[in-house]
1. Of all residues in the range 44-72 being part of a helix (DSSP H, G or I) and over 11 Å from the mean Cα position of the chain (by Cα), which is surrounded by the most Cβ atoms within 10 Å (Cβ to Cβ)?
2. Taking the range 171-197, which residues are within 16 Å of ligand 1 (Cβ to nearest atom), hydrophobic (A, V, I, L, M, F, W, C) and not in a helix (DSSP H, G or I)?
3. Does any residue in the range 148-168 that is on the phi < 0 side of the Ramachandran plot and part of a helix (DSSP H, G or I) come within less than 6 Å, Cβ to Cβ, of a residue that is away from ligand 1 (no atom under 16 Å from the Cβ) and aromatic (Phe, Trp, Tyr) six or more places away or on a different chain, and which pairs are these?
4. Which of the residues spanning the range 210-231 are touching a residue at least 60 places away in the same chain (Cβ under 8 Å), in a loop (DSSP other than H, G, I, E, B), among the hydrophobic types (A, V, I, L, M, F, W, C) and under 17 Å from residue 248 (Cβ atoms)?
5. In the range 134-147, which residue that is in contact with a Leu (Cβ under 9 Å, 6 or more places away or on another chain) and over 17 Å from residue 180 (Cα atoms) is surrounded by the most Cβ atoms within 10 Å (Cβ to Cβ)?
6. Does residue 213 fit the bill of being more than 15 Å from ligand 2 (Cβ to nearest atom), β-branched (Val, Ile, Thr) and surrounded by 18 or more Cβ atoms within 10 Å (Cβ to Cβ)?
7. Keeping to the range 96-136, report how many residues are more than 13 Å from ligand 1 (Cβ to nearest atom), of a type in the set (A, V, I, L, M, F, W, C) and outside any loop (DSSP other than H, G, I, E, B).
8. If you take just the strands (runs of 3 or more DSSP E) that sit entirely in the range 233-324, which of them hold at least 2 residues that are within 16 Å of ligand 2 (Cβ to nearest atom)?
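The values are calculated or read from the model by the stated rules, or taken from the named source; none is laboratory data. Treat the numbers as computed from the prediction; the structure is a model and nothing was measured. Methodologically, a virtual Cβ is constructed for each residue, glycine included, from the backbone with ideal geometry; neighbour enumeration extends over all protein chains shown.
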Amino acid sequence: MTPDPDTAEVRPAATGFGPDSVSVPPPGDPATFPALQAEIRELAREHDAVILAHSYERPEIQDLTDHVGDSLSLSRLAASAPQSTIVFCGVSFMAETAKILSPRKRVLLPDIAAGCSLADSITVEQLRSWKAEHRGAVVVSYVNTTAAVKAESDYCCTSSNARAVIDAIPADRAILFLPDMFLGLWLQRVTGRKLTIWLGECHVHAGIRPSDVEQWHRELPGAELLIHPECGCTSQVIEAVGDDAHILSTEGMVTYAQQSKADAFLIATETGILHRLEEKAPGKRFVPVNREAVCQYMKLTTLEKVRDSLRDGIYEIDVPTHTADRARIALERMIAIG
Ligand code: 13P
Ligand code: SF4
């Protein structure tokens, strides 16, 4: 089935906990940040902990650590970090991934409510019935999935290596791709493979529409367009502007902006990335095409919660051994590719 994003009936969140049900703390007082950051770094030393942060986290959380990145680089860091504790400033599927890759380490998630609407768009039961309808197909799951869904998958991928993962699968094998339909449609386009795609979406990226990009493209015609493949606008923007659009993971955007000769960029992803872009490519201009593109789950993590997490050992993430052992196979293939 090839979904048409305009008419597709997107699967509702499987858990029933939508992003509106989380209560995002207000911005903290910047005057308190240096002392809290120093306290957290000291606690991290005492507890032999490494702090990992996704680039959608609040700026003060990104500034806390040198280990800021996208899902793939953070998974690799989690697997190789020598420390015995990992504090994951991100969302629950990322902390679960870290635990699966490093089962002997203690993995802490500072706010247990930090979920992901995309991961919620498919349950393991739904995946089992989908597989039963497509026996023999290779299952490729985006890393934004629960551990149980990963355990039912052949490969995982992230936005930075999804294309390489699809290319690594023999051409005669049918592929089920889940759960993001916009990423799936883009992969069909760039790999030339026919994929059977689950109709899931991330509420933040699905909300970035072609009109957001078109409006800014008119206003800043010289700016380069950097688009995350989860965006609802991806296919139509490529149709409209062709090679002017660069479809990239969050870390891919940072690397691209650093190397490009352009000095202005339109950014189509969650707005937390702006802090990292401005830090890593100083002097360049970054304009979000939609300022409302904010992931409530990522913004749940505050410095106070990271401090409490390290001090009190909360919330420790565990994945049942049987699930973790099966999910690790798909994740290790992801880590090895691209
Ligand atoms: P990246 O892998 O590009 O960091 O994306 C993760 C994510 O959650 C995007 O919404
Ligand atoms: Fe999930 Fe979307 Fe938030 Fe990424 S931005 S963590 S896909 S809800």
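1. 61
2. 177, 178
3. From residues that are on the phi < 0 side of the Ramachandran plot and part of a helix (DSSP H, G or I), there are no pairs.
4. Matches in the range 210-231: 223 only.
5. The extreme case among them is 137.
6. So residue 213 fits the description; yes.
7. The first filter runs over the range 96-136 and keeps only residues more than 13 Å from ligand 1 (Cβ to nearest atom), leaving 96, 98-113, 122-136.
With the extra rule that they be of a type in the set (A, V, I, L, M, F, W, C), the set shrinks to 98, 100-101, 107-109, 112-113, 122, 124, 127, 130, 132.
Narrowing further to those that are outside any loop (DSSP other than H, G, I, E, B): 98, 100-101, 107-108, 124, 127, 130, 132.
Here the count works out to 9.
8. Output list reads 264-268.
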